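The next block holds one structure in the form of structure tokens; read it before the comments.
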Amino acid sequence: MEHGASCMSVTVTRWWWVRHAPVTDDGGRFYGQADLEADTGDFAAHRALAEALPPDAVWVSSHLRRTHQTAAAIGAAGYPLPEVAHHRDLAEQHFGDWQGTPRAPAYEKHGGFYGFWMSVLDKAPPNGESFNDLRRRIGAAVQRLSAAHRGRDIVAVAHGGTIRAALVGAFDLPSAMALSLTIGNSSLTQMDLVEEPGRRARWMLNLLNGYGVAGLR
């Protein structure tokens, strides 16, 4: 029995998704899985996360340095940071040959921001992956880590695309709905995987894109 469940044997695996701090300078280019630096100077944001996150959690991140730097900033703001396990399958969408190329011409070609992102829901950039590829990858990673750390709190420092993919996958939403979800830098999204005997496991969303959210535990 986990996280305050009473008379029934209920197991809750609690995910705390943190989007990395802002990238210092992307030059107006697609960066996806390019390994850019993060600006972790917003101490107040990281202090709020340090106060909100559960102290006994399992910590994971992608393999990209901006997530490692964000985790370290939360630790420097007062969180008792354990070892953070790095997982390549939690990384941002891979833009293949488009990584490092300017975004503006691509947006113009597809009629703006929304039109561009709709164009890559199912169609992958050359040598890259579509959003639906990302959705499948993140879904498998969440399933794997939830099984490995069943009944625990899992803090995952990741990327905007990663978190959107996790959300639409968990709630079986159309992939296009991801474009309606705001996931800001250094924000917190919290969701629970609830398992009860005789019932299909279900997800519950408790917080989306939260800031300054101390006291959630």
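The values are calculated or read from the model by the stated rules, or taken from the named source; none is laboratory data. Quick caveat, the model's predicted, so the values are computed rather than measured. All Cβ positions, glycine included, derive from the backbone under ideal geometry; neighbour counts span all protein chains shown.
The set of residues in segment 5-52 being among the basic types (Lys, Arg) and either assigned to a strand (DSSP E or B) or within 19 Å of residue 164 (Cα to Cα) (or both) consists of 14, 19, 29. Confirm whether residue 181 is farther than 15 Å from residue 60 by Cα, under 14 Å from the mean Cα position of the chain (by Cα) and surrounded by fewer than 21 Cβ atoms within 10 Å (Cβ to Cβ). Against the criterion (farther than 15 Å from residue 60 by Cα, under 14 Å from the mean Cα position of the chain (by Cα) and surrounded by fewer than 21 Cβ atoms within 10 Å (Cβ to Cβ)), residue 181 qualifies.
Looking across 92, 129, one residue alone is within 20 Å of residue 21 (Cβ to Cβ), crowded, with 17+ Cβ neighbours inside 10 Å, within 18 Å of the chain's Cα centre (by Cα) and among the acidic types (Asp, Glu). It is 92. The residue that is farthest from residue 154 (Cα to Cα), counting only those in segment 184-199 that are of a type in the set (Asp, Glu) and over 16 Å from the mean Cα position of the chain (by Cα), is 196.
Condition check for residue 114 on (1) at pLDDT 95 or above; (2) in a helix (DSSP H, G or I): one failure, at (1).
Of all positions in segment 151-167, at least one carries a residue that is over 28 Å from residue 97 (Cβ atoms), over 15 Å from the mean Cα position of the chain (by Cα), of a type outside the set (Ser, Thr, Tyr) and surrounded by fewer than 16 Cβ atoms within 10 Å (Cβ to Cβ).
Just to be sure, is residue 85 buried (at least 22 other Cβ atoms within 10 Å of the Cβ) and either modelled with pLDDT of 95 or more or under 24 Å from residue 208 (Cβ atoms) (or both)? Before you say what the answer is, go through the steps one by one.
Values: buried (at least 22 other Cβ atoms within 10 Å of the Cβ): no; either modelled with pLDDT of 95 or more or under 24 Å from residue 208 (Cβ atoms) (or both): yes.
No: the conditions fail for residue 85.
On inspection, residue 147 fails the criterion of being of a type in the set (A, V, I, L, M, F, W, C), at pLDDT 95 or above, surrounded by 15 or more Cβ atoms within 10 Å (Cβ to Cβ) and out of contact with any Asp or Glu (no Cβ under 8 Å at 6 or more places or on another chain). Would you mind stating whether residue 155 is in contact (Cβ under 8 Å) with a residue 24 or more places away in the chain, in contact with a Pro (Cβ under 9 Å, 6 or more places away or on another chain) and in a helix (DSSP H, G or I)? No.
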